[in-house]
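The values are calculated or read from the model by the stated rules, or taken from the named source; none is laboratory data. Remember, predicted model here, so these are calculated numbers, not experimental data. Here the Cβ is made from the backbone with ideal geometry for all residues, glycine too, and neighbour counts use every protein chain on show.
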Amino acid sequence: MVHIRAMTKTDASTVSRLLGQSWRRTYSPILGDETAAQLSDDRHAPQKLAAELEDDNKMSFVAERPDGSIAGYAMAEMDDRGDVTLNRLHVEPQEFGSGLAVDLLHAVLAAHAGIPSIALEVIEGNDRAIAFYRKHGFEVVEHRPAAHGVAGHASLIMRRLLPRA
């Protein structure tokens, strides 16, 4: 049984590896090997992930197996207006279809209970993620150039309305 918990600084190296592998697997076919690796290495360095834990507007979760290994990770951020964006949701490939991604998504949603909606950005071509988010109530609300240095690629902005408490 996998346990979802808040990420700690001691998880940063493991989460960095998980993110790096996930980014390369997912985005190399879309962005090219070099670009995917460069973007991931820059954004997902252990020290950057650890520093994010100090930001009160960001919430990070890990999915921990009984043996202590990390099988998944999610991070959401609230902006100054109170809008929440799911910035990251990654699971190891052996967990695909296990419900782990859903558990991580539910942890993020529960942590932000009372907000009207949650948004995310996904690069076009990441069909697995787009299908997952659609299945879990997210709808495309905008089509725009990708953010975060992924020039020349398009993104979908997806949003899920949340029930009022």
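Working only within segment 44-63, note down all residues that are in contact with a Lys or Arg (Cβ under 6 Å, 6 or more places away or on another chain) and charged (D, E, K, R). Listed by number, the list holds a single entry, 52.
Restricting to segment 80-99, count the residues that are farther than 12 Å from residue 112 by Cβ and more than 13 Å from the chain's Cα centre (by Cα). Write out each step before concluding.
We begin by selecting, within segment 80-99, every residue farther than 12 Å from residue 112 by Cβ; these are 80-81, 87-99.
So of that shortlist, the ones also more than 13 Å from the chain's Cα centre (by Cα) come out as 80-81, 93-99.
Total meeting the criteria: 9.
In the condition set (1) closer than 19 Å to residue 44 by Cβ; (2) touching a strand residue (DSSP E or B) at 6+ places or on another chain (Cβ under 9 Å), residue 117 is compliant with all but (1).
Quick check on my filter: what residues within segment 96-117 are within 23 Å of residue 161 (Cβ to Cβ) and not in a helix (DSSP H, G or I)?
Looking only at segment 96-117, we keep the residues that are within 23 Å of residue 161 (Cβ to Cβ), and these are 99, 101-117.
The answer is 99, 112, 113, 114, 115, 116, 117.
Note on segment 109-129: among residues that are small (Gly, Ala, Ser) and under 13 Å from the mean Cα position of the chain (by Cα), the one that is surrounded by the most Cβ atoms within 10 Å (Cβ to Cβ) is 129. Taking residue 51 as the residue in question, decide whether it is in contact with a His (Cβ under 8 Å, 6 or more places away or on another chain) and within 16 Å of residue 12 (Cα to Cα). Against the criterion (in contact with a His (Cβ under 8 Å, 6 or more places away or on another chain) and within 16 Å of residue 12 (Cα to Cα)), residue 51 does not qualify.
Do we find a residue being closer than 28 Å to residue 66 by Cα and either aliphatic (A, V, I, L, M) or part of a loop (DSSP other than H, G, I, E, B) (or both) anywhere in segment 33-48? Yes, segment 33-48 contains at least one residue that is closer than 28 Å to residue 66 by Cα and either aliphatic (A, V, I, L, M) or part of a loop (DSSP other than H, G, I, E, B) (or both).
Taken over segment 61-95, the criterion of being touching a residue at least 12 places away in the same chain (Cβ under 8 Å) and part of a loop (DSSP other than H, G, I, E, B) is satisfied by 65, 66, 69, 79, 82, 83, 92. The one condition from (1) in a loop (DSSP other than H, G, I, E, B); (2) touching a residue at least 12 places away in the same chain (Cβ under 8 Å) that residue 163 does not meet is (2). Out of curiosity, is residue 90 under 20 Å from residue 136 (Cα atoms) and either among the aliphatic types (A, V, I, L, M) or touching a Gly at 6+ places or on another chain (Cβ under 7 Å) (or both)? So residue 90 passes the test.
Among the residues of segment 1-40, those that are charged (D, E, K, R) and touching a strand residue (DSSP E or B) at 6+ places or on another chain (Cβ under 8 Å) comprise 5, 11.
Given the criteria farther than 17 Å from residue 95 by Cβ and surrounded by fewer than 13 Cβ atoms within 10 Å (Cβ to Cβ), does residue 77 qualify? Considered against the rule, which asks whether it is farther than 17 Å from residue 95 by Cβ and surrounded by fewer than 13 Cβ atoms within 10 Å (Cβ to Cβ), residue 77 comes out as no. Restricting attention to segment 130-160 and to residues that are in a loop (DSSP other than H, G, I, E, B), aliphatic (A, V, I, L, M) and buried (at least 17 other Cβ atoms within 10 Å of the Cβ), the residue that is modelled with the lowest pLDDT turns out to be 150.
Every residue, every condition in (1) surrounded by fewer than 18 Cβ atoms within 10 Å (Cβ to Cβ); (2) closer than 30 Å to residue 117 by Cβ; (3) not charged (D, E, K, R), yes or no:
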position	(1), (2), (3)
5	yes, yes, no
19	no, yes, yes
30	yes, yes, yes
40	no, yes, yes
47	yes, no, yes
61	no, yes, yes
